[in-house]
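Here's the structure we're looking at; comments come further down.
The values are calculated or read from the model by the stated rules, or taken from the named source; none is laboratory data. In this text the structure is predicted, and so the values were computed from the model without any measurement. Calculation scope for accessible area: heavy atoms of the full protein, side chains included, ligands and nucleic acids excluded. Shrake-Rupley method; radii C 1.70, N 1.55, O 1.52, S 1.80 Å.
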Amino acid sequence: MSEVLPKGFELSEDVARVDRAEVHRWLSQDSYWALGRSREKQDQAIDGSLNFGVYEEGSGAQVAYARVVTDRATFAWLCDVYVAPAARGAGVGTALTAAVRDRLAAYGLRRILLATADAHEVYARVGFAPMKNVEKWMVLGEQ
């Protein structure tokens, strides 16, 4: 059930390739969930997470990003998934999410969570579904 990146793009988990300035700009200025996030906080998040980038072959320019917070044993949270506007609609987001799912499968996690306000169909394509027993879950902090 793995998605293949569209022609002309490549995936990397190498944190050294992450264009931290561009990812920070995307998230702090153009996402609904991380508006105003400081560069310091974004760098801390990158350093404490598994990172996935999609890059244009040839130029190496980053066009998408996803981050996973995990204990690598039982739980993961997929977050900060972002596709640059110029790369949207080409299947990059679905392929990136599938690649993350496939990479995390090696850990045998019990669950992978994510939250989205507007991309349910992207995540559903790779197997994510709405939570069935939401009454079990609680949150401390922003909702």
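Largest mean-square fluctuation among Asp118, Asp30, Asp71, in a Gaussian network model of the chain whose springs join Cα atoms under 10 Å apart, belongs to Asp118.
Output the relative contact order of segment 4-125, whole-number percent, from Cα pairs under 8 angstrom with separation of 6+ residues. Show your work: numbers first, answer last.
Values: 177 pairs, mean separation 29.0, N = 122.
This gives 24 percent for segment 4-125.
Between Arg110 and Met131, the contour length at 0.36 nm per residue exceeds the Cα-Cα span by 6.2 nm.
Extension gain, Ala16 to Ser28, is 2.3 nm, computed as 0.36 nm per intervening residue step minus the present C-alpha separation. Per residue, segment 58-123 exposes 46 Å² of accessible surface when a 1.4 Å probe is rolled over the protein heavy atoms with every protein chain present.
Among the protein heavy atoms of the chain, carbon and sulfur supply 52% of the accessible surface, probe 1.4 Å, non-protein parts ignored.
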